[in-house]
Amino acid sequence: MSDWTIGILSVWKGIKLIGPADVRNRVENASVTVYFSLKYDHFPKKAIRHSVIAIEHISTMKEDPFAFPLPEEEFQTVLQCQNLKVSADSANWIDSFKLFSPARQLKFRLIDIGTLTALSYPLHSKEHLRIACDFMNLLFAVDDLSDVLDPHDARQLADAALDVMLHPEKLSAESEHPVGHLHKDFWERLSTIASKTCLDRFVKSYRIYMNAMVQEAKERNVHSVRTSVEEYLKLRRGTSAIQPSFDLLLLPLDIPRLYLESSSIKKLEIIAIDLIAVANDIVSFNVEQARGDIHNFIVVLMNQHNLSIQQAMDLAGNWYKTRARQFLDLHNFLLESHSDNDPGQANLKVYIRGIANWVTANYEWSFESQRFFGSLHREVYRSGVVDLLPRRVTAVV
């Protein structure tokens with residue numbers, strides 16, 4: 001077996017920074033050193049700055065590993081001043097539904113959903129930020145619960161969630177499914193504060209997410225990997241739940257349907273969803289490969305083209321660079337072609353910038369949270385070094 005070093009490809013400067021390492025690789029129990037070099041360029045209004053992972057194959061060397069330097073100018077994130085209070089209240093809210101065991105609930109809190117929300121919705125009022133934070137908590141809870149469900153149980157979960165949004169009067173206090181009560185509470189509060197634009201879109205996109213989650217369970221149950229990137233992204237756009245997250249950018253905004261449903265806005269949304277989903281697949285690949293997950297962009301590339309990890313990551317880097325350029329070109333065109341003097345168009349520009357901000361927020365949060373790198377998340381961000389996890393069987397507690 002070959003030895004590998006993983007680094008990050010700067011998508012705009014096209015620089016691969018790869019260092020020597022004494023790396024051991026064992027069949028079925030790989031021990032691989034992963035190097036991250038965080039290289040950023042400034043996008044318009046600092047809306048998006050991104051890197052993607054690439055891999056270089058090197059021969060085994062005896063030198064000590066080294067980490068790539070972080071950028072001298074650190075990214076200046078903008079967090080809501082109400083973030084700490086809102087985050088704590090929202091965490092207590094999700095805890096109250098007792099979806100997990102105490103041990104698993106503690107681990108769930110380490111995801112740091114409040115930071116993701118504050119990065120993703122920097123312009124929201126305290127009231128809107130709280131409902132967005134509740135949705136992020138709800139979403140991650142459903143995601144974690146559904147990861148181990150068979151198709152039948154996944155369908156039951158989806159039905160419990162969707163029924164109370166469409167028919168909230170049907171849920172009784174004695175209902176056995178806590179996910180139903182969770183969604184009922186969220187939906188009742190969302191309905192009282194959201195714009196009509198937000199509500200109409202949210203119901204449709206959340207149904208798409210739930211149905212995609214069930215489809216993923218079906219494919220996971222038979223160990224089926226999608227045969228092409230195009231087919232994978234059709235499903236991933238749904239399972240990522242990014243569109244309903246975009247919809248919450250519209251909480252305070254009413255935008256004419258004519259603007260929101262234009263082909264150019266739809267295209268911008270799809271490209272942004274792809275960027276966020278694939279970036280998530282890249283940073284989560286370490287933990288996902290360790291537990292044998294197959295719903296991942298890198299896994300699809302490896303299977304589709306019979307590639308090694310290195311080759312799949314290189315291909316993902318090239319794909320991401322192309323997709324990011326498409327996004328930036330369309331993003332800039334849309335901002336330039338809409339007027340601030342028209343209220344509907346002005347609100348649309350707020351939404352467009354919000355989508356761009358989401359791309360960056362997702363990536364920045366990935367290194368603030370312990371979801372992907374555990375307690376080493378800050379060390380990974382600072383030093384650029386993390387060990388690729390061996391395959392393991394994870395018990396659900």
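Some notes on this structure:
The rows are residues; the columns are (1) surrounded by 17 or more Cβ atoms within 10 Å (Cβ to Cβ); (2) farther than 13 Å from residue 248 by Cα.
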| position | (1), (2) |
| --- | --- |
| 105 | no, yes |
| 117 | yes, no |
| 120 | yes, no |
| 124 | yes, no |
| 127 | no, no |
| 133 | yes, no |
| 137 | yes, yes |
| 142 | yes, yes |
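- Among the residues making up the stretch 215-253, those that are buried (at least 20 other Cβ atoms within 10 Å of the Cβ) and small (Gly, Ala, Ser) are 217, 238, 240, 241, 245.
- Flag if residue 171 is in contact with a helix residue (DSSP H, G or I) (Cβ under 6 Å, 6 or more places away or on another chain) and either at pLDDT 95 or above or of a type outside the set (Phe, Trp, Tyr) (or both): yes
- Total residues in the stretch 386-397, condition in contact with a helix residue (DSSP H, G or I) (Cβ under 9 Å, 6 or more places away or on another chain) and modelled with pLDDT under 65: 4
- Among the residues of the stretch 208-256, those identified as over 28 Å from residue 122 (Cα atoms) and of a type in the set (Lys, Arg) are 218, 220, 226, 234.
- Residues that are modelled with pLDDT under 85 and either within 20 Å of the chain's Cα centre (by Cα) or surrounded by fewer than 16 Cβ atoms within 10 Å (Cβ to Cβ) (or both), drawn from the stretch 313-330: 313, 317
- Screening the stretch 255-265 for residues that are in a loop (DSSP other than H, G, I, E, B) and surrounded by 13 or more Cβ atoms within 10 Å (Cβ to Cβ) and picking the one that is modelled with the highest pLDDT gives 262.
- Of all the listed residues (154, 161), the sole one being farther than 30 Å from residue 352 by Cα, surrounded by 14 or more Cβ atoms within 10 Å (Cβ to Cβ) and of a type outside the set (Phe, Trp, Tyr) is 154.
- Only residues that are closer than 25 Å to residue 195 by Cα and either without any contact (Cβ under 8 Å) to a residue 60 or more places away in the chain or hydrophobic (A, V, I, L, M, F, W, C) (or both) were counted in the stretch 324-336, giving 2.
- Flag if residue 147 is within 23 Å of residue 278 (Cα to Cα) and either of a type outside the set (Lys, Arg) or surrounded by fewer than 16 Cβ atoms within 10 Å (Cβ to Cβ) (or both): yes
- Between 136, 213, 165, the distinction of being within 30 Å of residue 302 (Cβ to Cβ) and not charged (D, E, K, R) belongs to 213 only.
- Contact map, the stretch 285-301: residues that are of a type in the set (Asp, Glu) paired with residues that are not in a helix (DSSP H, G or I), Cβ distance under 6 Å, separation 6+ or inter-chain. Pairs shown: 288/296.
- Within the stretch 210-236, tally of residues that are in a helix (DSSP H, G or I) and either among the hydrophobic types (A, V, I, L, M, F, W, C) or under 30 Å from residue 343 (Cβ atoms) (or both): 8
The values are calculated or read from the model by the stated rules, or taken from the named source; none is laboratory data. Remember, predicted model here, so these are calculated numbers, not experimental data. Ideal geometry is used to build each Cβ from the backbone, glycine not excepted, and the neighbour counts take in all protein chains shown.
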